[in-house]
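Below is one structure; the comments refer to it alone.
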Amino acid sequence: MAPLAELDAVALAVSGGSDSMALMVLSARWRDRFARDLCPHIVVLSLDHGLRRESGEDCERVKLWAGLRGFAHATLRWEGPKPESGIQNTARNARYRLMAAWCKEHDVDHLVTAHTRNDQAETVLMRLARGTGIDGLAGMAPVSRLNGLTILRPLLDVSRDWLRSVLVAVGQPWIEDPSNADPRFERARLRNMWPQLEALGITRKALLRTAMRSRAASAALETIAVKFLAENVRLWDGGFCTVEPSCLSDMPEEIVLRMMQIILAQVSGMTHLPRHETLRRVSDWAIGEHSSALTVFGCLIARRRRRIFVVREIGRMSDLPVMLSPGHDVIWDRRFRIGLAGRDMAPGLKGWSIAPLGRDGRAQLKSKETATRIPAFVAYPLPALWRGKRLIAVPHLGYNVSPTVAVNTEFLRTHPMLTMPLWRVVDGHHNGF
């Protein structure tokens, strides 16, 4: 639990099952060993998924137990219709989405989950059954990012049996979720198969060794891919990448795939990674001599003057304007932090919004020279300031018709790539595209 001491606030994901209840108990004991004012503020989050009649009652029990341990508690509710298939995966996504939204609203950047070595072994085996690659075999990482949250898994090296022994020792009850034994679900079927698997030598211990070695190999490949990225890819502050295609043919396929994975994730702003089939499709397109554009994973990939462009696909962006208020930043399209400032701007002044430049905005640009220096497919997804239907500013193109208004934009990088300012092309300080 020591890394938590560096944080201001954390949320614990607690369903009431034995693993998450042990996480809460251990967190309380860790907190009590130190001065409370030196520990982060800890809040317990539970999800009322509505899939069982008792789910609301379970959350109330967790709230009671959290209070007895001195923790604040919040119940999140998954509203709306529920799927008839893929229930567990959809529920998992809903859980993380709702918890991420709560954490963002309450300025909490870290969510702690109770995944154990049992979960890790099951995850590796399930991925192996689907023909996963080395990243899948690496299993769950102790630290990862999802929906803008940092996910911490401090119990990955701890067994479920040990956690339950802790609960028994302190007299803490837990809730048994019947879905954990429901044969309709893959993970439940797998748990019932462990005796047969271990008889064949497929043990949890062996799978955990596989995950550890795969994680080390994955990290090494990632380091090489990032090195090639730094040498051959340019990330522009307007939210797109340019790639020198000549470098791709000499690279090992696995490095090309990883490069494309990083590029697509960075440009799209997606919270999940593209599938292997998607990466192979993009890699084959990039290495080949295709002249037509490719749309995939929320990105448009095109060639211009023998350079490959990976830009946000305008058709996959929301065209609904996001309202701006002076002094308050917003996260736009999951990729930009945008704020509004300027002289004589009252905090309550309304009517300003951010939306993609698009075809209509590009047509309104008064400086045709500025408009033509940037390819249309690159310009369309750029963040633009609007007032109603009137285009006010396009920060990355140096366009602004209101001298009293300033739009501050920051592209949220996820990887350490060299970032180039787009204004250098616009002002002619760069050899252009």
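A few points about this structure:
- The slack between LEU146 and ALA230, meaning 0.36 nm per residue of separation minus the straight C-alpha distance, is 27.8 nm.
- For region 257-335, the list of trypsin sites (Lys or Arg not before Pro) that fall in a loop by DSSP and count at most 10 other C-beta atoms within 10 angstrom reads ARG305, ARG306.
- Residue-span extension gain [ALA217 to ALA363] - 0.36 nm each, minus C-alpha spacing: 47.6 nm
- Seen from a random direction on average, the alpha-carbon convex hull of the chain projects onto 24.8 square nanometres.
- 0 to 90° range, to nearest 10: angle between helix 204-232 axis and the chain longest Cα axis: 10 degrees
- Site pair ALA2 and GLU186 shows an inter-label distance of 3.6 nm when each label is modelled 7 Å from Cα along Cα→Cβ.
- For the pair region 1-60 and region 136-207, the centres of their Cα atoms are 17 angstrom apart.
- Seen against the Cα atoms of the chain and their longest principal axis, helix 55-68 is set at about 80 degrees.
- Average accessible area per residue (Å²) across the chain - probe 1.4 Å, nucleic acids and ligands excluded: 51 Å²
- Share of carbon and sulfur in the accessible area of the chain stands at 53%, probe radius 1.4 Å.
- Simple point charges give the picture: +1 on the Cβ of Lys and Arg, -1 on the Cβ of Asp and Glu, and for the chain a dipole about the Cα centre of about 700 debye.
- At an R0 of 30 angstrom, the distance between the Cβ atoms of THR404 and ASP427 translates into a FRET efficiency of 0.85.
- When +1 charges are put on Lys and Arg Cβ atoms and -1 charges on Asp and Glu Cβ atoms, the dipole computed for region 72-138 relative to its Cα centre reaches about 180 debye.
- In terms of accessible area, using a 1.4 Å probe and ignoring ligands and nucleic acids, ASP319, ASP427 rank largest first as ASP319, ASP427.
- Applying both filters, DSSP loop and at most 15 other Cβ atoms within 10 Å, to the trypsin sites (Lys or Arg not before Pro) of region 140-193 gives ARG184.
- For region 320-337, 3J(HN,Hα) computed residue by residue from phi via the Karplus equation (6.51, -1.76, 1.60; θ = phi - 60°) reads 6, x, 9, 6, 10, 10, x, x, 10, 7, 10, 9, 10, 6, 6, 10, 10, 9 Hz, glycine and proline entered as x.
- Between ALA199 and LEU64, the C-beta separation translates, for a Förster distance of 35 Å, into a calculated FRET efficiency of about 0.25.
- Computed over the chain: relative contact order in percent, which uses C-alpha pairs under 8 Å that are six or more apart: 11 percent
- Per-residue SASA entry for GLU186, accessible area with 1.4 Å probe, Å² rounded to 10: 70 Å²
- Highest-MSF residue in the chain out of LYS104, LYS205, LYS389 [GNM, Cα springs under 10 Å]: LYS389
- Accessible-area value, ASP177, 1.4 Å probe, nucleic acids and ligands omitted, Å²: 50 Å²
- Spin-label proximity, SER249 to region 293-317 - amide N less than 17 Å from point 7 Å beyond Cα toward beta carbon: 303-308
- Between the helical axis of 87-105 and the longest alpha-carbon principal axis of the chain there is an angle of about 70 degrees.
- Global form of region 263-357, assessed from the alpha-carbon gyration tensor, a/c cut-off 1.5: prolate
The values are calculated or read from the model by the stated rules, or taken from the named source; none is laboratory data. Predicted model, so just to flag it, every value in this text is computed and none were measured. Please note: Cβ atoms are built from the backbone with ideal geometry, for glycine as well, and neighbour counts cover all protein chains shown. Surface accessibility is based on the protein's heavy atoms, side chains included, excluding ligands, DNA and RNA. Shrake-Rupley method; radii C 1.70, N 1.55, O 1.52, S 1.80 Å.
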